[in-house]
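For reference, the structure discussed in these notes is given below.
The values are calculated or read from the model by the stated rules, or taken from the named source; none is laboratory data. Nothing here was measured: the structure is a model prediction, and the numbers come from that model. Methodologically, a virtual Cβ is constructed for each residue, glycine included, from the backbone with ideal geometry; neighbour enumeration extends over all protein chains shown.
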Amino acid sequence: MRTFQIEPLDDRLRGAIQDKIDNLNKPKGSLGELEHVAMQLCLIQRTLSPSLAHPCHLLLGGDHGIEREGVSVSPREVTWQQMINFSRGGGGVNMLCRQHGFDLRVVDVGVDYDLSGIRGIINRKVARGTKNFLHEPAMSEKEFDQAIETGAALVDDCAAVGCRILCIGEMGIANTSPSSLWMSLLCDIPLDGCIGAGAGLDRPGLRHKKEVLTLALENFRRLFPNASTEDIIRYFGGFEMVAAIGAMLQAAQRRIVILVDGFIMTACALAACRLCPAARDYMIFGHCGDESGHKRLLDALEARPLLYLGLRLGEGTGALCAFPIVDSAARMINEMNNFEHANITKYF
């Protein structure tokens with residue numbers, strides 16, 4: 001895997017940033033979480049006047065071999081059908097990108113369908129879906145590297161047009177399964193506490209999913225008794241998920257703010273942070289969703305999500321819903337007057 005040069009946030013500006021926030025014409029600390037977000041934005045961008053210019057949203061699509069084991073209530077053709085829907089502007093992600101002014105880029109990283117002729121879908125296909133990790137690694141080392149490089153290159157494209165904040169979403173039937181396994185292995189949490197209903201499994205379906213993933217985990221441990229983080233990611237991950245990791249790491253390297261979505265993207269954030277711990281500083285977590293295990297995953301990352309809306313759609317929709325809060329934080333520090341200029345006596 002390529003090496004990413006990600007610098008930890010430089011605290012030397014913290015005092016000046018805090019002084020600017022504290023002298024805005026308001027009681028000290030009265031804008032709560034907006035003040036915390038503003039501090040993070042300033043530290044990421046090394047400025048007292050952060051910018052959220054040209055927000056971009058990457059919607060990454062890929063299919064999973066494990067879907068063949070009946071671990072999802074939805075069939076795999078939903079992946080390509082939704083990708084076409086996104087290309088035509090009809091998805092939840094499209095609506096929210098339009099609402100909040102995001103440049104949406106729909107990318108086929110590993111969908112098991114020929115989407116090359118569809119206008120509005122960027123073709124970066126590594127393969128037509130991953131292999132079935134119940135029996136073998138989901139991807140080869142070469143495919144893993146290609147997916148990482150794909151995500152990084154997509155961020156470079158966004159940076160070229162001035163992007164300062166990035167959302168990432170996913171479309172891939174059965175991708176809660178690899179997310180649960182990553183969570184279990186990377187956080188040392190029993191697998192049962194990591195598995196949820198995904199798109200809506202009933203009790204028998206959930207029981208079957210747990211049986212399949214438990215067996216897959218046993219097979220993996222037998223093959224990789226001393227597994228590295230890369231081994232874990234490659235064995236279970238989807239191409240869209242590994243591309244998301246590459247995108248997050250490249251965004252952090254470029255000092256682009258990363259707005260993290262739900263369970264699957266939080267699992268990708270976890271994997272990215274296990275590979276490069278400094279990447280955590282560049283992440284703002286949009287929401288805590290309804291998928292079982294998401295809160296525990298956020299806790300493992302010491303993340304404080306901005307919203308609790310009961311969302312579990314994926315696509316990056318939760319992160320997009322949180323964007324106005326991040327925007328308000330930037331506007332607060334950039335647009336509010338201070339006591340001196342407003343001729344207001346400090347009242348704290």
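Miscellaneous remarks
- Any hit, segment 69-85, residues being assigned by TED's automatic domain parsing to the domain that holds residue 230 and at positive phi: yes
- In segment 119-154, the residue that is farthest from the chain's Cα centre (by Cα) out of those that are of a type in the set (A, V, I, L, M) and over 18 Å from residue 172 (Cα atoms) is 153.
- Residue that is over 23 Å from residue 60 (Cβ atoms) and surrounded by fewer than 24 Cβ atoms within 10 Å (Cβ to Cβ), where the choices are 230, 149, 218, 141: 218
- Residue selected from segment 302-326 under the condition of a type in the set (A, V, I, L, M, F, W, C), part of a loop (DSSP other than H, G, I, E, B) and at pLDDT 95 or above, by the criterion surrounded by the fewest Cβ atoms within 10 Å (Cβ to Cβ): 303
For (1) of a type outside the set (A, V, I, L, M); (2) outside any loop (DSSP other than H, G, I, E, B); (3) surrounded by 24 or more Cβ atoms within 10 Å (Cβ to Cβ), each residue gets a yes or a no:
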{"residue": "240", "(1), (2), (3)": "yes, yes, yes"}
{"residue": "243", "(1), (2), (3)": "no, yes, yes"}
{"residue": "259", "(1), (2), (3)": "no, yes, yes"}
{"residue": "274", "(1), (2), (3)": "yes, yes, no"}
{"residue": "296", "(1), (2), (3)": "yes, yes, no"}
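- A residue that is part of a helix (DSSP H, G or I), touching a residue at least 24 places away in the same chain (Cβ under 8 Å) and out of contact with any helix residue (DSSP H, G or I) (no Cβ under 9 Å at 6 or more places or on another chain) can be found somewhere in segment 218-232.
- For residue 183, the requirement of being buried (at least 22 other Cβ atoms within 10 Å of the Cβ), assigned by TED's automatic domain parsing to the domain that holds residue 294 and not in a helix (DSSP H, G or I) is not met.
- Condition check for residue 198: in the same structural domain as residue 94 (by TED's automatic domain parsing), at pLDDT 95 or above and closer than 19 Å to residue 129 by Cβ: no
- Of the residues making up segment 245-257, just one is part of a loop (DSSP other than H, G, I, E, B) and either of a type in the set (Val, Ile, Thr) or not assigned by TED's automatic domain parsing to the domain that holds residue 135 (or both), namely 256.
- Close pairs from segment 233-248: first in contact (Cβ under 8 Å) with a residue 12 or more places away in the chain, partner crowded, with 24+ Cβ neighbours inside 10 Å and among the acidic types (Asp, Glu), Cβ under 6 Å, at least 6 apart: 240/170
- If you go through segment 35-73 and keep only what is closer than 19 Å to residue 166 by Cα, crowded, with 21+ Cβ neighbours inside 10 Å and either out of contact with any helix residue (DSSP H, G or I) (no Cβ under 6 Å at 6 or more places or on another chain) or among the hydrophobic types (A, V, I, L, M, F, W, C) (or both), you end up with 37, 38, 41, 42, 43, 44, 55, 56, 58, 59, 60.
- Some residue of segment 156-167 being of a type in the set (Gly, Ala, Ser), surrounded by fewer than 23 Cβ atoms within 10 Å (Cβ to Cβ), in the same structural domain as residue 76 (by TED's automatic domain parsing) and on the phi > 0 side of the Ramachandran plot: yes
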